[in-house]
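Written out below as structure tokens is the structure these notes cover.
Here, each number is a calculation from the coordinates, and none is a lab measurement. Quick caveat, the model's predicted, so the values are computed rather than measured. Every residue, glycine as well, gets a Cβ built from its backbone with ideal geometry; the counts of neighbours run over all protein chains shown.
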Amino acid sequence: MKVYEKAPAKINLLLDVLHKRDDGFHEVEMIMTMVDLADRLTMEELPRDGIIISSQAGYIPLDEKNLAFQAARLIKERYNVRKGVYIHLDKHIPVAAGLAGGSSDAAAALRGLNRLWGLNIPQDELCRLGAELGSDVPFCVTGGTAVARGRGEKLEPIVNPPQCWVVLAKPPINVSTADVYGRFRAAGLREHPSTSAMRSAIERGSFADVCAGLGNVLESVTLELYPEVRQMKKTMQRLGADGVLMSGSGPTVFGLVAKEAKVARIYNGLRGFCKEVYVVRMLT
Ligand code: ATP
């Protein structure tokens with residue numbers, strides 16, 4: 001038997017860091033949604049015990065460092081599954097980009113193995129397992145749009161934002177999430193984005209207010225470290241995107257665009273100097 005799962009990329013419409021906790025994690029408040037740029041996972045039973053990962057992408061680990069491997073190992077241990085699985089990752093989401101590619105693969109593996117092995121694990125339990133693998137995994141298990149608190153694992157689902165085009169551009173640098181959080185100083189921030197204002201804009205379906213409310217406090221770190229990310233934001237704004245923000249800890253910058261006619265101009269303008277540009281829809 002084979003099962004397939006789509007693992008979409010996430011973007012943060014809002015990312016606020018409230019403070020650093022005693023356990024070393026940061027207390028965050030985020031609004032996350034999914035976009036239609038996805039990895040595809042195929043999971044197939046093996047005739048013997050074990051976990052084998054393959055991928056067409058040459059640049060990700062295929063051993064126990066892979067988050068899909070870790071998801072399979074966790075579910076096998078916790079539910080005492082003595083079967084083997086072969087997982088193929090058809091990667092499309094850029095790696096270390098702020099788009100939660102690895103987290104989404106882990107979440108898709110949890111969902112898919114739950115089906116492959118007929119475990120009937122309820123979604124909230126899958127989310128708890130996911131939280132052991134990474135802060136963004138629970139959201140990737142549920143998908144949709146949510147306000148995330150705690151270290152990202154406390155989820156409150158909300159309605160999807162108004163449909164629009166999303167242009168994603170990843171400058172050719174890899175950013176370590178741990179490094180960005182490590183350098184972040186909440187005390188130095190002049191202002192925080194408003195979660196309640198963004199939530200209200202989404203619930204009212206106001207595209208203009210969603211664009212106006214975009215905010216990510218981690219830009220204060222990544223834009224200083226990597227001027228090319230700041231430059232990418234400026235270029236996208238200049239080319240006419242309605243709202244522009246860095247996703248997660250970066251370096252991917254996304255632009256929200258209402259009118260299809262504008263999208264081609266922005267895409268062509270960016271493609272001139274950036275190899276990784278994608279035009280997708282919100283996953284609503
Ligand atoms: P986030 O937004 O959650 O911080 P990200 O988009 O910045 O995530 P990922 O693409 O998840 O980052 O990759 C981060 C690291 O995880 C990379 O260094 C990569 O080698 C490793 N990794 C482990 N498993 C995977 C996977 N299945 N796909 C991509 N990267 C993976």
*Check: region 165-281 dipole with +1 on Lys, Arg Cβ and -1 on Asp, Glu Cβ, in debye*: 280
*Pop out the Kirkwood hydrodynamic radius of the chain from its pairwise C-alpha distances, inverse of mean 1/r, in Å to one decimal.*
19.3
*Around LYS154, what is the net charge, scoring Lys/Arg as +1 and Asp/Glu as -1 over all other residues with Cβ under 12 Å from its Cβ?*
-2
*Relative to the longest principal Cα axis of the chain, at what angle does helix 195-204 sit, 0 to 90 degrees, rounded to 10?*
90
*Mind pulling the angle between the C-alpha long axis of helix 101-116 and the longest principal axis of the chain? Nearest 10 degrees, somewhere in 0 to 90.*
40
*Over the Cα atoms of region 2-158, Rg to Rh with Kirkwood Rh, two decimal places?*
0.97
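What's the local net charge at GLU27, with K and R +1, D and E -1, over the other residues with C-beta under 13 Å away?
Details: positive: LYS20, ARG21, ARG149, ARG151, LYS154; negative: ASP16, ASP22, ASP23, GLU29, GLU153.
So the surrounding residues net to 0.
Where a ≥ b ≥ c are the square roots of the eigenvalues of the C-alpha gyration tensor, would you call region 165-281 rounded, which needs a/c under 1.5, or, failing that, prolate if a/b is larger than b/c, or oblate?
In terms of gyration-tensor shape, oblate.
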*Note the full-extension length gain between GLU228 and ALA178 as 0.36 nm times their separation in residues minus their Cα-Cα distance, in nm to one decimal.*
16.0 nm
*Per-residue ³J(HN,Hα) for region 227-233, Karplus 6.51 cos²θ - 1.76 cosθ + 1.60, θ = phi - 60°, Hz, x for Gly and Pro*: x, 5, 6, 4, 4, 4, 4
_region 1-36 and region 44-103: distance between their alpha carbon centers, rounded to Å_ = 19
*asked:* Output wanted: per-residue J couplings in Hz (rounded whole) for region 259-276, from phi through Karplus 6.51 cos²θ - 1.76 cosθ + 1.60, θ = phi - 60°, x for Gly and Pro.
replied: 9, 4, 4, 6, 4, 4, 5, 5, 4, 5, x, 7, 4, x, 10, 10, 6, 9
*Report the charge-dipole magnitude of region 21-179 in Debye, nearest 20, computed about the Cα centre from +1 at each Lys and Arg Cβ and -1 at each Asp and Glu Cβ.*
360
*May I ask you to list the trypsin sites (Lys or Arg not before Pro) in region 181-268 that are in a DSSP loop and have at most 13 other Cβ atoms within 10 Å of their Cβ?*
ARG185, ARG190, LYS259
*asked:* Using the Kirkwood formula on the Cα atoms of region 142-208, what hydrodynamic radius do you get, in angstrom to one decimal?
replied: 15.0
*Which trypsin sites (Lys or Arg not before Pro) from region 1-47 combine a DSSP loop assignment with at most 16 other Cβ atoms within 10 Å?*
ARG21
